[in-house]
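The values are calculated or read from the model by the stated rules, or taken from the named source; none is laboratory data. The structure presented is a predicted model; accordingly, all values stated were derived computationally and were not measured. With ideal geometry, Cβ positions are generated from the backbone for all residues, glycine too; neighbour counts draw on all protein chains shown. Please note that ligands, DNA and RNA were not included when accessible areas were found on the heavy atoms of the full protein model with its side chains. Shrake-Rupley method; radii C 1.70, N 1.55, O 1.52, S 1.80 Å.
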Amino acid sequence: MAKAKKSWEKRLSGEPDEMTINFVESLSVDKRLYKYDIVGSIAHAQMLTERKLITKTEFKAIRAGLIEIGDEIAQGRFKFQKEYEDIHMAIEAALIAKIGRAGEKLHTGRSRNDQVATDIRLWMRDQIDVLQDKIRQLQDALVRLASKHTEEVMPAYTHLQRAQPIVIAAYLLSFVEQLERDFVRLKNCQTLLNVCPLGSGAVAGSTLPIDRKSTAEQLGLPDISYNSIDAVSDRDFCAEFIFDCALIATHLSRLAEDWIIYSSNEFACLRIDDSFCTSSSMMPQKRNPDVLELIRAKTGSAYGSLMGILTILKAQPSGYNRDLQEDKVHVFNASDTVEACLDMARAVAASMKFDTKKISASLQEGFLDATALAEYLVRKGVAFREAHGAVGSLVAHCEQQDKRLADLRLEEFGKYSAAIENDVYECLGAKNIVGRYVTEGAAGPEQAKRQIAYWKKQLAQR
Ligand code: ARG
């Protein structure tokens, strides 16, 4: 293989140390930006032609050469040499080898500093579309599952203690809401990053008449950056993107944790499909929810990347510093991690089954109807605090007697509150209660059905 020629070989004497080559290269990480690098270079070259900095013939040779290089990379025929440090230098060197002198003009009025800032933005703009689509697919799986369970009741937990009865659909839709905020956050991130830094050069712009609006327009970026020093060092959009990924991971970790717990023998209300379980090399009976555990654990990797990018950016001197090269490690890691977790969560959600019989059989446990009973007393004119106290005493009484609220006779109720009448039994029992929720957004069947209709319409439009 031909020895890699450095663009700065006239400036620095001797060969770089082998260790330096390995340490400074980012090609192994940033080669996945190649398409964006090529698109950006073609736009830049086109602008150089418009500005008569290169000829039309030179532009045609540059464009054809770059397209060929793109094909070679896509087909795995391109030889990546880490001596070229990064994707920008690797492509430029290949272009010069292919077309000669015209290739040497491509970097006119440009630096890798504004080039890489542009490449990441272009990559991220597309990747946000990919992540949004995966969010939509998971939302879709959750809504489908929810529409099978609009009437069936399960306990809602607070502090992981039985709290109040809800329909299963409402539980599932709570994740659809969380994911919707993730979707919108990514959209906002995409809007903010849609700015073209090209023409900012290394840090101060250029004395050549670069037409910045032209490159921006060709790349479909609605605006240009307005300060060259800021433009080459701004990675706010990376931090924001990684934060958005980290929050998706947070939401998925909660979902995973729930389903791990719910599928345990102790809770036994959920069955994860066999295709997403693993077993034990020693204990033959095991059905382990490993994929959910890994979704839970991979959150750590996304958080690590968030801390990574923030630390890289902290107290960096103004302008471009090589520190910024490490941004991509974290951007790609957070994105890849979350993308894989979204796929996995969707697959699990699409195939898992609620054991409604078991859930239903255990609904009598845990006094899920206590709050509704207190509200019954409020409707009879009792002040809420007093009602709360009366029901608290009733629950303590039931615990001693090993009874449920619905087991008590009217006379027993009477000892705790004179306001309790025969109609109390309509308000007891988890299944009676969900149908009585009247507030907007409550966890009852009517609200769930309305939300499902809303989500089905929303998701169909995406
Ligand atoms: N590989 C570098 C990065 O990702 C490109 C810019 C390097 N610029 C420089 N002057 N060394 O940030």
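Of all residues being of a type in the set (Gly, Ala, Ser) and part of a helix (DSSP H, G or I) in the range 253-272, which is least open to solvent (accessible area, probe 1.4 Å)? Just the residue, please.
Per the criteria, the residue is Ala256.
One residue is enough: does the range 163-170 have a residue meeting the conditions of a type in the set (Gly, Ala, Ser), in a helix (DSSP H, G or I) and under 30 Å from Gly435 (Cα atoms)?
yes
Is there a residue in the range 46-68 that is closer than 23 Å to Ile21 by Cβ and buried (at least 21 other Cβ atoms within 10 Å of the Cβ)?
No, there is no match, as no residue in the range 46-68 is closer than 23 Å to Ile21 by Cβ and buried (at least 21 other Cβ atoms within 10 Å of the Cβ).
Tell me, which helices (runs of 4 or more DSSP H) wholly within the range 343-462 include 3 or more residues that are free of Cβ contacts under 8 Å to residues at least 60 places away in the same chain?
370-379, 384-401, 410-414, 445-460
Which residue pairs have Cβ atoms under 7 Å apart, sit 6 or more places apart or on different chains, and have a first residue in the range 313-332 that is without any contact (Cβ under 8 Å) to a residue 12 or more places away in the chain and a second that is open to solvent by 80 Å² or more (accessible area, probe 1.4 Å) and within 12 Å of the ligand (Cβ to nearest atom)?
Once the first residue is without any contact (Cβ under 8 Å) to a residue 12 or more places away in the chain and sits in the range 313-332, no partner that is open to solvent by 80 Å² or more (accessible area, probe 1.4 Å) and within 12 Å of the ligand (Cβ to nearest atom) comes close enough.
Quick check on my filter: what residues within the range 128-171 are free of Cβ contacts under 8 Å to residues at least 60 places away in the same chain, touching a strand residue (DSSP E or B) at 6+ places or on another chain (Cβ under 9 Å) and not charged (D, E, K, R)?
Across the range 128-171, the qualifying residues are Tyr157, Thr158.
Can you give me the number of residues within the range 281-311 that are hydroxyl-bearing (Ser, Thr, Tyr) and open to solvent by 90 Å² or more (accessible area, probe 1.4 Å)?
Residues that pass the stated criteria total 2.
Would you confirm whether any residue within the range 113-120 is under 30 Å from Trp8 (Cα atoms), touching a residue at least 12 places away in the same chain (Cβ under 8 Å) and either of a type in the set (Gly, Ala, Ser) or open to solvent by 50 Å² or more (accessible area, probe 1.4 Å) (or both)?
yes
Can you tell me which residues in the range 208-252 are of a type in the set (Val, Ile, Thr), surrounded by fewer than 21 Cβ atoms within 10 Å (Cβ to Cβ) and farther than 13 Å from Ala117 by Cα?
If the condition is that a residue be of a type in the set (Val, Ile, Thr), surrounded by fewer than 21 Cβ atoms within 10 Å (Cβ to Cβ) and farther than 13 Å from Ala117 by Cα, then Thr250 is the only one that fits.
Looking for whichever is open to solvent by less than 10 Å² (accessible area, probe 1.4 Å) and away from the ligand (no atom under 16 Å from the Cβ) here; the options are Gly76, Gly103, Gly40. Which one fits?
Every option except Gly103 fails the conditions.
For the subset of the range 312-328 comprising residues that are near the ligand (Cβ under 10 Å from one of its atoms), surrounded by fewer than 19 Cβ atoms within 10 Å (Cβ to Cβ) and not in a loop (DSSP other than H, G, I, E, B), which member is farthest from the chain's Cα centre (by Cα)?
Once the filter is applied, the top-ranked residue is Arg322.
Among the residues of the range 329-347, write down those that are of a type in the set (Ser, Thr, Tyr) and either within 16 Å of the ligand (Cβ to nearest atom) or within 16 Å of Phe237 (Cα to Cα) (or both).
Ser335 - this is the single residue of the range 329-347 that is of a type in the set (Ser, Thr, Tyr) and either within 16 Å of the ligand (Cβ to nearest atom) or within 16 Å of Phe237 (Cα to Cα) (or both).
Mind telling me which of the residues Lys6, Lys82, Lys31 ends up being farther than 22 Å from Trp123 by Cα, in contact (Cβ under 8 Å) with a residue 12 or more places away in the chain and within 15 Å of the ligand (Cβ to nearest atom)?
On inspection, the qualifying residue turns out to be Lys6.
Suppose we filter Asp126, Asp140, Asp86, Asp71 for residues that are acidic (Asp, Glu), open to solvent by less than 20 Å² (accessible area, probe 1.4 Å) and closer than 30 Å to Glu339 by Cα; which single one remains?
Asp86
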